[in-house]
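Here the structure comes first, spelled out in structure tokens, and everything after it is commentary.
The values are calculated or read from the model by the stated rules, or taken from the named source; none is laboratory data. Just so you know, these numbers come straight off a predicted model, no measurement behind them. All Cβ positions, even for glycine, are placed from backbone atoms using ideal geometry, and neighbour counts span all protein chains on display.
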Amino acid sequence: MSIFGRRRQKRLVAKEERAPMPPVLVDEALVRPRLDGNSSNLDKRLSGSRGIFDRVRALSSSGAVSVDELSVVEEVLLRSDVGVSTTNVIVESLRTNGAPDGVASAVRQELLDALGEKDRSLRVDCDEGRIPVWLFVGVNGVGKTTSIGKLAKREVDAGARVVLAAGDTFRAAAADQLQLWAEITGADIVRASEGADPSSVVHDALERAKARNASLVLADTAGRRHTSSNLLDELSKIRRVADRPPGQVTETLLVLDATTGQNALTQAQEFLAAASVTGIILTKLDGTARGGIVVAIQQELGVPVKLVGVGESADDLVPFVPSEFVEALLEA
């Protein structure tokens, strides 16, 4: 048979494995910041957390505290995320000392003692010729960029000349959101292309601040998982850059989401060492029943909660005042 009459056999070639398709990246929707204020009282803004304490406020006896009453106090404190160690201290104090002015009054004083006297001011004092820098750290989704925008509004309204450093270069939406806040507040902003070196953004923001005689730099940082050593190394680098002349870091604010409860403490531990945190911003406190996390943070971390978010508008990031917070939970 002629070779032309033969059927050629096809060679079987192993198919090359294709790399998996990357996940589809969906741009985060930008929400225009709300500037309308919220005039409601703090107890109404903290209605979720206040509701947990209804049972404590309902305890009307004074003097010795019964076993049943101690059980109610313990359950309420744990459900509000005050934390096991602080709860045990409060319950033991009530068992030993009683409640001469009523159980709610005794719990109120115990919570105030747990929060303690801390300096909760935001520092701007720095060496002559240098510009104060506030660094903001925290994982994605906690409200870090929004907190920066709200503080920018507050400082600009008070007469400061503010430069925003869009240092979260891994998320375009973060820089875009900060850009919106800059336009609304009148603050200046320095941003770079996606994936740029965050430290270089902070460096450029400081140079802009120096050239324009600005009085404060607010610097955003990346918010990837707190378990990523690369992120923590990056934060340390950013801090070193921000602390060189003409800048001087006067605050490093860790932003935590109150709705995550005890998980917020886990996040915080890693950031404390890497970023030399000086204060906590606790966001979304109005949206949780676990407001006692404020006390747990104070006790476990030893770092003061300086600001709390109690709403969505620009004026709803407010200084944390322990007496007002405790009264909102326990005032009849």
Residues located in region 260-314, provided they are part of a helix (DSSP H, G or I) and among the β-branched types (Val, Ile, Thr): Thr260, Thr266, Ile293, Val294, Val295, Ile297
Filter result (buried (at least 23 other Cβ atoms within 10 Å of the Cβ) and over 17 Å from Gly143 (Cα atoms)) within region 294-323: Val295, Ala296, Ile297
Test: residue in region 276-284 that is modelled with pLDDT of 95 or more, among the polar types (S, T, N, Q), closer than 26 Å to Asp54 by Cα and within 13 Å of the chain's Cα centre (by Cα): yes
The listed residue being modelled with pLDDT of 95 or more, farther than 23 Å from Gly159 by Cα and part of a loop (DSSP other than H, G, I, E, B), out of Arg225, Arg244: Arg244
